[in-house]
Amino acid sequence: MDNYIVSARKYRPMTFNSVVGQRALTTTLKNAIASGKLAHAYLFCGPRGVGKTTCARIFAKTINCLSPAADGEACNQCESCIAFNEQRSFNIHELDAASNNSVDDIRSLIEQVRIPPQIGKYKVYIIDEVHMLSQAAFNAFLKTLEEPPHHAIFILATTEKHKILPTILSRCQIYDFSRITIKDTVEHLQYVASQENVQTEPEALNVLAQKADGGMRDALSIFDQVVSFTGGNVTYKAVIENLNVLDYEYYFRLTDCILANNVVDGLLILNEILSKGFDGNNVITGIASHFRDLLLCKDPKTAELFEVGASIRDRYIETARKCNNEFLYKAIDIVNESDLNYRLSRNKRLLSDLTVIRLCQLSSPQTGLEDQKKKQVIDPIFSKQEAKQAPATNQPVTLPQNSRPATAPVTRNIPSTPQAAGNTTTASAPKPIYPGELGISISAFGQKKEVEAKVEEKVESLNERFSPLQLINEWKTFAEALTEEHHLKNTMLNCLPNLIENTLFEVVVNNPVQEQRLLEHRMDILVKLRTQLRNTHIKMQVRISEDNEKKLAFTPAEKFNLMMEENESLRRLKDEFGLELS
Ligand SMILES: [Zn+2]
């Protein structure tokens, strides 16, 4: 621990191979050097601290190396390499455009460019934060960039590629540096720790890597901070205290309360967190991330996306088992809404409390999802007869259509001739309709008695045939008539139903939000369709399109569709002018 050297400097990579997390890019650079195909100008783009300047320096050293190794790396032994490593080489010039952005700064650089190197072949000019150059400086630089002397190579580095003029962009080979993954960061920190004889806990390094947000320089400087703070024993506890990170323990405890419908303890935990000085908004977004992580851990494949140590991942997976998807979607929705409202809220503490209360209510016996299996009562939907009260039973004969075993012949209620249709309609026994079947939960304040009474409703069974086109028409008619629910309207108009069996149709949506939206209004939609098409067996299933499940980036067309959903007037604009997205 004596003579502690700042890790970012001490462990700065000396070769392309030792650069962390940019494998594809360093390989391309190495190949370019090995094949002698060098450009005169490169543009390195990417977030701060991911290795742009480091790679530029290694690049400069490697192309000047007098005896490069077979794998394309610099030898680190020749005169030129040693000069580079000791930072006394004349073949490299670094200009920080953030502080030297005037025309004069660029002019003095251009003066130097003319002088050929004494040792080695190339002079490399690194211009950091090149987007900060003034307009005049840019223009002065452009000429040199157009006709550089053969010994000059420019490496421009920027965190903000979009601010670079097209005239510059078109003259550069562009390399995009990516954020360093948490896994790569943790591995590198582990390596540094072992070199420095520092004890670390994997969870501690994980939090640290998350805080660094993909930048290795930041990760190492936070690491140094924590090492000096803890005297060389980097524990999870020490890290969260030092970095002011909320212990994930709180989120797990809060989740337990929410699942147990325990409002009191939930509010106490929230109070405990806030009294530690954490900001309410951070807590709300923290809860959102926590639920998102739980959602990821529902599936082993997506659990891989969840960048944490194995022990904590197991704990997430275990908790995720206790939550169903619908609960998580709704929970995330509630927290997200609170996050949006937070800034505008006059009583932020109340909003935080309310968020916890609403989350706990998700599991309450009256409104919750847990107990949707215990069916609640609604008014008869299709009945022309008087509703009869009957004790609730779960015997197969009274099971709703949806509960029928999958093996039951689907065609049973689907007549092949109109004659048969008549027969079936009169012959089949009245089917009870359960709210749960329709995918709704009734907020049962004041309805508790009825709920407990569990009344069954008998409705007339209708089974008329309809065509896919009729279905789509009724679907559209329903959507067009929506005046309040713009989001639902647009989702429905964007995602049309597809009849996959006689009475079962599927709606393929683009994302979980749309899926949730349709499921929430499933009852309204189905009631309308069943009535209009005179068929009580109509069922709907919603599926997220597989393409979108995997890719996060949307195409322009998808983006536009999404924008249309959020903004009704965009759709009108498109329709009225007959616009097409090319
Ligand atoms: Zn060398």
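Read-outs: derived from the displayed coordinates by stated rules, not from any lab. Because the structure is predicted, anything quoted here is derived from the model rather than measured. Neighbour counts run over all protein chains shown; Cβ positions are idealised from the backbone, glycine included.
On average, how much area does the Cα convex hull of the stretch 468-577 cover when viewed from any direction, in nm²?
7.1
Please identify every one of the trypsin sites (Lys or Arg not before Pro) in the stretch 197-302 that sits in a loop by DSSP and has no more than 15 other beta carbons within 10 Å of its own beta carbon.
Those satisfying the criteria are 276.
Do any GluC sites (Glu not before Pro) in the stretch 138-224 lie in a DSSP loop with no more than 12 other beta carbon atoms within 10 Å, and if so, which?
In loop regions of the stretch 138-224 (DSSP not H, G, I, E or B), the sparsely surrounded GluC sites (Glu not before Pro) are 160.
Could you please rank 507, 186, 130, placing first whichever residue has the fewest other Cβ atoms within 10 Å of its Cβ?
By the 10 Å Cβ count, ascending: 507, 186, 130.
Mind checking which of 137, 127, 100 is farthest towards the positive end of the stretch 70-142's charge dipole, using Cβ charges of +1 (Lys, Arg) and -1 (Asp, Glu) about the Cα centre?
In the stretch 70-142, that residue is 137.
Assuming R0 = 45 Å, what is the FRET efficiency of residue 498 and residue 339, from their Cβ-Cβ distance, to the nearest 0.05?
0.80
Could you work out how far apart the two model spin labels at residue 191 and residue 481 are, taking each label as a point 7 Å from the Cα in the direction of the beta carbon, and quote it in nm?
A separation of 6.6 nm, rounded to one decimal place.
Roughly how many nanometres apart are two label points built 7 Å out from the Cα toward the Cβ at residue 23 and residue 135?
Modelled inter-label distance: 4.6 nm.
Any idea how far apart residue 35 and residue 167 come out in nm if each label point goes 7 Å out from Cα toward Cβ?
Roughly 3.1 nm, to one decimal.
Set the bar at 25 Å for Cα to Cα. Now go through 37/183; 211/237; 37/163; 30/301; 489/574; 183/330 and name every pair that lies beyond it.
37/183; 37/163; 30/301; 183/330
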